[in-house]
Amino acid sequence: MTAPFTDVTSASRVTFAAEPSKTSSKYLMETMLGGVAMFDADGDGRLDLFFTNGAALRDGMTSKDRPVKTDPRFWNRLYRNEGNGKFTDITNKAGVRGEGYSQGVAVGDCDNDGLPDLLVTAYGGNTLYRNQGGAVFADITAQSGVQGSGWSTSAGFIDYDRDGNLDLFVARYLDWDFGRNKRCGGEGAELQAYCHPNEFPPVTHLLYRGLGGCKFQDVSTRSGIAKFPGKGLGVAFVDMDADGWPDILVANDSFPQQVFRNRQNGTFEETALALGAAYDEDGRVFAGMGIDAADYDNDGLPDLLINALANQGYNLFRNTKGLLESVSAPSGLYAASKMHSGWGMKFVDYDNDGWKDIFVAQGHVMDNIERTQPGTRYLETPMLLRNVRGKFVPVSSGVDVPMAARGAAFGDLNNDGSVDIAIAANSGAPRIFLSNRNEHNHWLLVDLQGTRSNRDGIGATVKIETPSGRRQFGYATTAGSYLSAHDKRLHFGLGAEREVKLLEIRWPSGTVQTWQGIPADKIFTARERTN
């Protein structure tokens, strides 16, 4: 049997290497790098790759010190997809080398001009790049109002008020600076460890309302988001309660998980405890890092997936009539993940059979974990779990290169109908995995074009039905995983079915639109009607 994925990194000409600038001080950010995005930067129909990178650190830094990114080995990098399995570094031309110690990346068309814009999070402040065409970007942070402060991690674009202008949510990790760094772990350099997040206070997340033209207003306090600080690492968006309004989900590290319910009036209430998703099934906090929300059991309700560190197990919450029930154990996920540490992650139908599987990029946070926990590994291979009608079974991904993986982005790099994956490493080279397409199973990619809604239809709910009566549901977003951003197109595996009988889109504007009889194995552009 052909392996699901092939590692094509060496042939891709992607020569990027993450540089965390590790020190003997063991600043916690050194082990949290890095993010990756798949998006079409130049409008040629092919997904390009963007990687975030660190900056120069040194021992003894103070609260006033800032990491320095001037050396090219610390630059963020943008690679253009040439369409033949090769990529070209266009970082200089694009103008996206970056500032400071970068963390995550978000992609969205914040001025509705049909060109994807780029938000890069960092310690000390974030950067917004406006796409001017031809994969050339302008730094518009100063006039946009989204620089922020502190330690930002994952972020994503969302139209929370459904006014047609993309808004922006930014998760922050800890109330920390270099001057408050602590020494943690045992005596001796070999036992010194990165501090547990319990050593530092939580911090508020940031919500910016889009005013149009990539200008934003900080509404963190007014919206109620600032009432609920966290230790955020992952961000996802979905209409969790099916009321037509997008909700915000945050994976927190060793802190209760968060679900911000959209109250439809510009404010949010934090409901994770009431829903049943704040803690694991034993009522304990866990190291939430990667996150995704999707309908894995095809019942029309989005479910929630949050991974964790080794000895905790990954967490799957099934949406049952508005409540989130932990099904990690009965689904098979807990047993498969108990001894693993997950970061970038997504529900993804790798075999196009119509059921969303799970792919997790893995690796422990502690580079010396094997000294204190011999059964745990710092470097790990990715985990692929096949969805067998709601149960998850470990299968070989075909990729056996151990790495300290962090961010992971998902999308169809070669437009062949199968989902490919790019994984960022904490240090060194990323990995690019092309799907070995299953020729026996069919597919459909849906590319949304909003008119009354935001240009990319972010926040739309999509339903498909095939001639046999099988239904699947998707949600338009580029957010999810860890520090990463994904292909904006919605991917549906169709199994043996050769057409989609019905495609229904509920646009953020409130418009409901249907198409019938769409042939399989194509990229279908769905344009929102204007009246």
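Please list the three semi-axes, largest first and in whole Å, of the ellipsoid equivalent to segment 362-442, using sqrt of 5 times the eigenvalues of its alpha carbon gyration tensor.
With the √(5λ) rule applied to segment 362-442, the semi-axes are 28, 17, 9 Å.
Hey, can you grab everything whose amide H is under 5 Å from the amide H of Tyr101? Only 5+ residues off in sequence or another chain; H modelled, so Pro and N-termini drop out.
So Tyr101 has HN proximity to Tyr123.
When the convex hull of the C-alpha atoms of segment 79-159 is computed, what volume per residue in Å³ does it have?
Values: hull volume 9.2 nm³, N = 81.
Convex hull volume per residue, Cα atoms: 113 Å³.
Roughly how big is the chain's charge dipole about its Cα centre, with Cβ charges of +1 (Lys, Arg) and -1 (Asp, Glu), in debye to the nearest 20?
It comes to approximately 540 debye.
Identify, among Ile291, Ser331, Ala310, the residue whose Cα sits farthest towards the positive end of the charge dipole of segment 272-360, taking +1 on the Cβ of Lys and Arg and -1 on the Cβ of Asp and Glu, with the dipole about the Cα centre.
Ala310
So what is log10(I(q)/I(0)) for segment 82-222 at q = 0.08, 0.12, 0.17 1/Å, when the Debye sum runs over its Cα atoms only?
Here the Debye-derived log intensity ratios amount to -0.28, -0.58, -0.94.
Would you kindly give the portion of the calculated P(r) for segment 317-359 that falls above 15 Å, as a percent of all Cα pairs? All intermediate terms of the calculation are to be shown ahead of the outcome.
Details: 530 of 903 pairs.
Result: 59 percent of Cα pairs exceed 15 Å.
Whole-Hz Karplus ³J(HN,Hα) for segment 252-260, in order, using 6.51 cos²θ - 1.76 cosθ + 1.60 and θ = phi - 60°, x for Gly and Pro?
So the Karplus estimates, Gly and Pro as x, are 10, 8, 6, 7, x, 5, 10, 10, 8 Hz.
If packing is taken as the average number of other Cβ atoms within 10 Å across a peptide's residues, how do 412-419, 83-90 rank, most packed first?
Highest to lowest by the protection proxy: 412-419, 83-90.
How large is the accessible surface of Glu199 in square angstrom, using a 1.4 angstrom probe and rounding to the nearest 10?
80
Would you rank Met366, Met339, Met403 by solvent-accessible area, highest first, keeping every protein chain in place and using a 1.4 Å probe?
Ranked list, largest accessible area first: Met339, Met366, Met403.
For the chain, build the charge dipole from Cβ charges (+1 Lys, Arg; -1 Asp, Glu) around the Cα centre, then report which of Thr6, Asn165, Asn426 sits farthest towards its positive end.
Going by the Cα projections, it comes out as Asn426.
Defining a contact as two alpha carbons under 8 Å apart and six or more residues distant in sequence, what relative contact order in percent does segment 315-465 show?
17
In cubic angstrom, how much convex hull volume per residue do the alpha carbon atoms of segment 373-531 span?
It comes to 142 Å³ per residue, whole-number rounded.
Using all C-alpha to C-alpha distances in the chain, build P(r) with 10 Å bins and read off the rounded percent in each one.
4, 21, 33, 29, 12, 2, 0
Can you give the Rg and Dmax of segment 444-489 based on its C-alpha atoms, in angstrom?
Taking only Cα atoms of segment 444-489, I get Rg and Dmax of 12.4, 38 Å.
If you average the sequence gap of Cα pairs under 8 Å that are 6 or more apart and divide by the length of segment 425-480, what percent do you get for the contact order?
20
Aspartates and glutamates within cross-link reach of Lys64: Cα-Cα under 19 Å, excluding same-chain residues under 8 positions apart?
Hits, sequence-local ones excluded: Glu30, Glu99, Asp175, Asp177.
For q = 0.09, 0.13 Å⁻¹, what log10 I(q)/I(0) does segment 219-345 give under the Debye formula with an equal point scatterer on each alpha carbon and no solvent?
-0.23, -0.47
Could you tell me the relative contact order of segment 36-156? Use alpha-carbon pairs under 8 Å, at least six residues apart, and round to a whole percent.
Over segment 36-156, the number comes to 22 percent.
May I ask which residue of Gly510, Ala496, Ala520 lies farthest towards the positive end of the charge dipole of segment 491-531, with charges of +1 (Lys, Arg) and -1 (Asp, Glu) on Cβ and the Cα centre as origin?
Looking along the dipole axis, the top candidate is Gly510.
If each DSSP helix of 4+ residues adds -39,500 (n - 2.57) and the sum is divided by the residues in the chain, what number results at 222 nm, nearest 500 deg cm²/dmol?
Using -39500 (n - 2.57) per qualifying helix, the result is -500 deg cm²/dmol.
Just to make sure I understand: if all protein chains stay in place, what is the order of Ser152, Ser63 by accessible area at 1.4 Å, largest first?
Ser63, Ser152
Roll a 1.4 Å probe over the protein heavy atoms and report the accessible area of Trp343 in Å², nearest 10.
Roughly 0 Å² of Trp343 is accessible to a 1.4 Å probe.
Pairs Lys69/Lys215; Lys69/Lys338; Lys93/Lys215; Lys26/Lys391; Lys93/Lys182: which are spaced more than 31 Å apart, C-alpha to C-alpha?
Details: Lys69/Lys215 26 Å; Lys69/Lys338 38 Å; Lys93/Lys215 24 Å; Lys26/Lys391 40 Å; Lys93/Lys182 40 Å.
With Cα atoms farther than 31 Å apart: Lys69/Lys338; Lys26/Lys391; Lys93/Lys182.
From the backbone phi of segment 464-474, what are the Karplus-calculated ³J(HN,Hα) couplings (6.51 cos²θ - 1.76 cosθ + 1.60, θ = phi - 60°) in whole Hz, Gly and Pro given as x?
Running phi through 6.51 cos²θ - 1.76 cosθ + 1.60 with θ = phi - 60° gives 10, 9, 9, x, 6, x, 5, 10, 9, 10, x Hz.
The values are calculated or read from the model by the stated rules, or taken from the named source; none is laboratory data. Only a predicted model underlies this, so the values are computations on that prediction, with no experimental measurement involved. For neighbour counting, all protein chains shown are included, and Cβ atoms are generated from backbone atoms with ideal geometry for every residue, glycine included. In case anyone asks, the SASA skips ligands and DNA or RNA and just uses the protein heavy atoms, side chains included. Shrake-Rupley method; radii C 1.70, N 1.55, O 1.52, S 1.80 Å.
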